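Handing you this structure, nothing more for now.
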Amino acid sequence: MPDTNAPARIIDGKAFAEGLVGRVTGAVARMKEKIGVVPGLAVVIVGEDPASQVYVRNKGERTLAAGMRSDTHRLPASTTQAELLSLIAELNADDGIHGILVQLPLPAAIDANAVLDAISPDKDVDGFHVVNAGRLAVGLPGLVPCTPLGSIMLLRDALGDLSGLHAVVVGRSNIVGKPMAQLLLAENCTVTVAHSRSRDLPALCRQADILVAAVGRPEMIRGDWVKPGATVIDVGINRVPSADPAKAAEGKTRLVGDVAYAEAAAHAGAITPVPGGVGPMTIACLLANTYAAACRALGHEPERL
Ligand code: NDP
C-alpha cells in the first residue's frame, strides 16, 4: 500500500530516457560489430514551421549520437502530395533505411493520413500506421507510438507489476490516448478512457490508481482529482505565459503539463514533472523503435532494452 502522507516521488523521465538512449547506443554498436549493419532513420519535413525545424534537427542529432544513420529530407511548402508519396515510396524501397518519420503537421493541401498510411508499417517508427494500431490492439508485435511507449516504460519502472490497477487515461487521440489505453490493458490494468464528453471527470479521475493526462489543456487536472497515493503521468506539453507578470509582459513563457503539478504532487504517490517527465522519453523511444525496426528487417530479435 502506498504511504499517502509521504511527498510524491518525482518520476525522472530525463534520467530514464538517458539510460534508455545509452542502452540503444550499446545495442546499435553490437549490431554493427556483429553483422555490419547500421540502423537508418529518414525524417521528412515539409515547409518552414519553426518548431518543426527544431524538432527535426534535434531528432537528426540524437540519431547520429546513438550511432545510427540519419537522413533528413527538407521539402518546400509547395511540395505536392504526389511528390511526397513518391519520396515515401523511395524510402520504403531503400534497404539502408529502417525507420521513416514524417514530421507533422503537414501543409493543409496534403492529406496527412494518406501520407502516414503510405509508409511501410515495418518502417513506421512513429507507430501511427493503421496496421501498427491494429497490431497493438490484438497484441501482435509491431511498432508502438513513442509517447505512450515511453509512458508505459516509466510506469513499469515506477510500479513494477501493473496488474489489476485501475488506470484512467484522459484523452483518446490516436497518437497518445488510445495506444496508451491499449498498452495499459496489455499490462492487465482495468482501463477507463475519458474524453471531452465524459461526465464528472473529477470523480472518474479520483478512482485512478494510475492517472494519465493527455488532454492538451494547461493544468486542467487539479490536485483534488488525484486519489491519495496514485501515480500520475502527465503527457501534456503546453507553453503558457511566465508566472512572473513582469516577465510575461516581456513575452517570456514556461512549459506546463495538463496536470496542476504542485497541487497534484501533494496527493500523488509518484508524478512525472513537465518538463523532464514524459517529454524526453519520446525521442528515446523513437531511437529504440528505429533499432527494433532494423533488427526485425534483418530477421533478428531486438535486444531487450
Ligand atoms: P489531441 O488534441 O489530439 O487530443 C486531446 C484529447 O483530450 C481528446 O481526446 C479530447 O477529447 C480530450 N479533451 C480535450 N478537452 C477535454 C476536456 N475538457 N475534458 C476531457 N477531455 C478533453 O491531443 P494529443 O493526444 O495529441 O496530445 C495531448 C497532450 O499531449 C498535448 O498537451 C500535447 O502537447 C502532448 N503531447 C506530448 C508529447 C510528448 O512528447 N510528451 C507527444 C504528443 C503529445 P475528444 O476526443 O472528445 O475531443
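The values are calculated or read from the model by the stated rules, or taken from the named source; none is laboratory data. Since this is a predicted model, take the numbers as computed values, not measurements. All Cβ positions, even for glycine, are placed from backbone atoms using ideal geometry, and neighbour counts span all protein chains on display. These area figures cover heavy atoms from the full protein model, side chains too; ligands, DNA and RNA do not enter into them. Shrake-Rupley method; radii C 1.70, N 1.55, O 1.52, S 1.80 Å.
Would you mind finding the one in LEU162, LEU140 that is part of a loop (DSSP other than H, G, I, E, B), buried (at least 17 other Cβ atoms within 10 Å of the Cβ) and more than 16 Å from the ligand (Cβ to nearest atom)?
The conditions single out LEU162.
I've got another one for you. Hey, among the residues in the range 45-65 that are more than 18 Å from the chain's Cα centre (by Cα) and in contact (Cβ under 8 Å) with a residue 12 or more places away in the chain, which one's surrounded by the fewest Cβ atoms within 10 Å (Cβ to Cβ)?
Among those that are more than 18 Å from the chain's Cα centre (by Cα) and in contact (Cβ under 8 Å) with a residue 12 or more places away in the chain, it is GLU48.
Of all residues in the range 227-282, which are loosely packed, with under 14 Cβ neighbours inside 10 Å and among the acidic types (Asp, Glu)?
ASP244, GLU250
Please indicate, with yes or no, whether at least one residue in the range 116-135 is closer than 23 Å to HIS300 by Cβ, charged (D, E, K, R) and in contact with a His (Cβ under 7 Å, 6 or more places away or on another chain).
Of all residues in the range 116-135, those closer than 23 Å to HIS300 by Cβ come to 119-127, 129, 131-132, 135.
Okay, now just the ones that are also charged (D, E, K, R), so 122-124, 126, 135.
From what's left, in contact with a His (Cβ under 7 Å, 6 or more places away or on another chain): 123.
Yes: one or more hits.
Sticking with this one: Which condition from (1) farther than 18 Å from GLY13 by Cα; (2) under 17 Å from the mean Cα position of the chain (by Cα) is the one that VAL176 breaks?
(1)
Follow-up. Return a yes/no flag: does the range 80-94 have any residue that is farther than 26 Å from VAL235 by Cβ, at pLDDT 95 or above, among the polar types (S, T, N, Q) and open to solvent by less than 50 Å² (accessible area, probe 1.4 Å).
Within the range 80-94 (the criterion being farther than 26 Å from VAL235 by Cβ, at pLDDT 95 or above, among the polar types (S, T, N, Q) and open to solvent by less than 50 Å² (accessible area, probe 1.4 Å)), the answer is yes, since at least one residue qualifies.
Can you find a residue that is more than 14 Å from the ligand (Cβ to nearest atom) and either open to solvent by 60 Å² or more (accessible area, probe 1.4 Å) or modelled with pLDDT under 95 (or both) anywhere in the range 192-202?
no
Across the range 205-226, what is the total count of residues that are more than 10 Å from the ligand (Cβ to nearest atom) and open to solvent by 70 Å² or more (accessible area, probe 1.4 Å)?
4
So ASP157 clears everything in (1) surrounded by fewer than 16 Cβ atoms within 10 Å (Cβ to Cβ); (2) in contact (Cβ under 8 Å) with a residue 60 or more places away in the chain; (3) within 14 Å of the ligand (Cβ to nearest atom) except one condition, right? Which one?
(3)
With the condition kept exactly as written, say whether any residue in the range 165-180 is open to solvent by less than 40 Å² (accessible area, probe 1.4 Å) and more than 15 Å from the ligand (Cβ to nearest atom).
Yes; the residues of the range 165-180 include at least one that is open to solvent by less than 40 Å² (accessible area, probe 1.4 Å) and more than 15 Å from the ligand (Cβ to nearest atom).
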